[in-house]
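**Student:** For reference, the structure I am asking about is given below.
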Amino acid sequence: MAMAACRPSTTPLTLPPAATPENKTLGPGDVIEVRVRDQEDISGPYEVSDDGKVRFPWVGDIEVRGKTGAEIAAKIELELASGWLKQPQVTVRVTERQNREVSVLGQVKEAGSYPYKPGLTVMQAISQAGGMNPLAMPRRVKLIRQTDKGRQTFEIDVTAILESRAQDFGLEPGDIVFVPESPV
């Protein structure tokens, strides 16, 4: 009973979402496959430019940054229907994504960038980086995330996660996990 009182209480940390929903919206460098029914000459892959647009034949530049495939298809259909085609049918599929990685830096065995997969957690990312080295300070791991409020840093006690006193945290594309060096 006395030992339970010595354990520090952990308050659940809630992380804000990344600046854009990771699975649905598009950004620079992403590639989409646009298919227009019975129009093979304009169907094909299109890369999102740095300004968040794709140049589509007959239509010109289409803003795609932050939009889903369905929203882009509806926009292209609307533009094609205004003088080019009667009742166009357009489908858009994302074929490549850029910056779908998380970085694990600091006192880990193999610091670097690792592919993001939905459901990836802080502990899994550290594990992918070979785990923490003996100089690591697991109680002060930093998670750096770009949010709608700008770049934010959160401190995570990995020891509490390992001891089942805290939940692991889900990562999002572009997150940085930094394991600091212990001062001793």
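FYI, it's all coordinate maths here, none of it is from the lab. Just so it is clear, the structure is predicted and the values come from calculations on it, not from any experiment. All Cβ positions, glycine included, derive from the backbone under ideal geometry; neighbour counts span all protein chains shown.
**Student:** Could you list the GluC sites (Glu not before Pro) in segment 146-184 that lie in coil according to DSSP, counting only those with at most 16 other Cβ atoms within 10 Å of their Cβ?
**Tutor:** On the way: sites: Glu155, Glu163, Glu181; in loops: Glu163.
Within segment 146-184, the qualifying GluC sites (Glu not before Pro) (loop, at most 16 other Cβ atoms within 10 Å) are Glu163.
**Student:** Set Lys and Arg Cβ to +1 and Asp and Glu Cβ to -1, take the dipole of segment 114-184 about its Cα centre, and tell me which of Pro134, Val179, Gln152 lies farthest positive.
**Tutor:** Gln152
**Student:** Using Cβ contacts closer than 10 Å as the measure, can you line up Lys149, Lys109, Lys67 from fewest to most?
**Tutor:** Lys149, Lys109, Lys67
**Student:** Counting only helical runs of four or more DSSP H residues, what would the 222 nm mean residue ellipticity of the chain come to if each run contributes -39,500 (n - 2.57) and the total is spread over all its residues?
**Tutor:** My calculation for the chain gives -4000 deg cm²/dmol from helical runs alone.
**Student:** Then there's this: Leaving out same-chain residues fewer than 8 places away, which lysines sit with a Cα under 30 Å from that of Lys117?
**Tutor:** By straight Cα distance, Lys117 reaches Lys24, Lys53, Lys67, Lys75, Lys109, Lys142, Lys149.
**Student:** Plugging the Kirkwood radius over Cα pairs into Stokes-Einstein for segment 33-112, at a temperature of 20 °C and a viscosity of 1.002 mPa s, what D comes out in µm²/s?
**Tutor:** Calculated translational D: 149 µm²/s.
**Student:** Still on this structure: Using amide H atoms built 1.01 Å from N in the peptide plane, name the residues 5+ places from Leu26, or on other chains, whose amide H lies under 5 Å from its own.
**Tutor:** When sequence neighbours closer than 5 places are left aside, the close amide H contacts are Gly66, Lys67.
**Student:** Throw me the Rg/Rh for segment 17-169, computed over C-alpha atoms with Kirkwood Rh, two decimals. The partial results should precede the final answer.
**Tutor:** Numbers: Rg = 20.8 Å, Rh = 18.2 Å.
Reported Rg/Rh (Cα atoms, Kirkwood Rh): 1.15.
**Student:** Oh, and also: May I ask you to derive the relative contact order of the chain, considering only C-alpha pairs under 8 Å and at least 6 residues apart, and to give it as an integer percent?
**Tutor:** 21 percent
**Student:** Another question, then. Quick check: pseudo-label points 7 Å beyond the Cα along Cα→Cβ at Gln98 and Gln146, how many nm apart are they?
**Tutor:** The modelled label-to-label distance comes out at 1.0 nm.
**Student:** Taking Cα pairs under 8 Å and at least six residues apart, what relative contact order does segment 99-179 come out at, in percent?
**Tutor:** 42 percent
**Student:** In terms of the ratio Rg/(2.2 N^0.38 Å) built on C-alpha atoms, what value belongs to segment 99-179?
**Tutor:** 1.00
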